[in-house]
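Chemist: Following this message is one structure expressed as structure tokens.
Every read-out reported here was derived from the displayed coordinates using simple, explicitly stated rules and does not represent laboratory data. Since this is a predicted model, take the numbers as computed values, not measurements. Here the Cβ positions follow ideal geometry from the backbone for every residue, glycine too, while neighbour counts run over all protein chains shown.
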Amino acid sequence: MRRCIFFFSTLLCLGGELRAQQKNPPSPPGQAKPSTAATAAAAPIVAPPAVPARPNGKIQNSLVRITATDVEPDYRAPWNSGAIGRGVGAGFVIDGQRILTNAHVVSNARYLTVERDGDPNKYTATVLFIAHDCDLALLQVADSTFFKNMTALSFGGIPALESTGSASGYPIAGERMSVTTGIVSRADFQLDTHSSIYSHLAIQISAQSNR
């Protein structure tokens with residue numbers, strides 16, 4: 001990689017030197033010819049492109065993939081077993097070896113498994129607490145080795161407007177987590193889409209999310 005960058009920089013310098021020599025007329029007899037170093041110094045310096053920010057890079061080892069096997073109840077005929085479905089969602093590790101996720105990810109779940117990045121194993125999880133009013137849930141994993149080398153995230157304040165943020169999840173399922181970056185454009189109270197009853201403080205971000 002270093003050889004490629006060095007080679008590219010050398011071409012830029014040589015190209016600037018050739019352009020400078022083409023623009024300068026030939027020196028008359030008896031006049032000193034400008035040095036190559038001076039000609040190269042006059043060539044414009046092209047700055048390398050800036051590396052895009054990765055706000056999710058530090059929390060990559062805190063995110064988990066949640067697979068839920070759920071049974072949707074039939075409220076019109078509660079004696080029926082209901083339809084069996086499967087959903088995928090995202091969560092992140094917090095203090096106390098717990099996983100914070102959305103309530104709609106584990107709602108009506110009968111069997112839960114969690115996975116972490118770089119580990120092909122699936123770990124059984126159970127719901128510790130669930131709050132449908134704010135669409136949040138806490139999960140616990142019996143196998144403590146699941147949390148090895150994982151970083152627990154702490155809660156911060158309200159992000160400032162026009163600050164950069166990222167959204168991680170599985171909007172259209174898939175095996176790999178989708179990560180998009182955007183700008184915080186609004187912080188306001190909005191009706192929760194899970195319960196459709198209570199309003200909570202919500203952060204609007206310009207990140208794209210396919211559904």
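Chemist: Count neighbours as other Cβ atoms within 10 Å of each site's Cβ, and list the GluC sites (Glu not before Pro) in segment 114-204 that are DSSP loop with at most 14 such neighbours.
Modeler: Values: sites: GLU115, GLU162, GLU175; in loops: GLU162, GLU175.
Qualifying residues, ordered by number: GLU162, GLU175.
Chemist: Between the DSSP loop rule and a limit of at most 14 other Cβ atoms within 10 Å, which chymotrypsin sites (Phe, Trp or Tyr not before Pro) in segment 105-211 are left? Intermediate results must be reported in sequence, preceding the final value.
Modeler: Details: sites: TYR111, TYR123, PHE129, PHE146, PHE147, PHE155, PHE189, TYR198; in loops: PHE155, TYR198.
Sparse-neighbourhood loop chymotrypsin sites (Phe, Trp or Tyr not before Pro): PHE155, TYR198.
Chemist: Defining a contact as two alpha carbons under 8 Å apart and six or more residues distant in sequence, what relative contact order in percent does segment 159-203 show? Numbers along the way, then the final one.
Modeler: Values: 63 pairs, mean separation 14.4, N = 45.
Over segment 159-203, the number comes to 32 percent.
Chemist: Using 0.36 nm times the number of residues separating ARG176 and GLN204, minus their current alpha carbon distance, what extension gain do you get? Write down the numbers at each step before the final one.
Modeler: On the way: separation 28, 0.36 × 28 = 10.08 nm, distance 2.38 nm.
Additional length available on full extension: 7.7 nm.
Chemist: Magnitude of the Cβ-charge dipole of segment 92-211, K/R +1 and D/E -1, about the Cα centre, nearest 20 debye?
Modeler: Working: 8 positive and 11 negative charges, 43 e Å.
About 200 debye.
Chemist: If you don't mind, there's one more thing I want to ask. Could you tell me, in Å, what Rg and Dmax come out for the Cα atoms of segment 89-211?
Modeler: 15.3, 41
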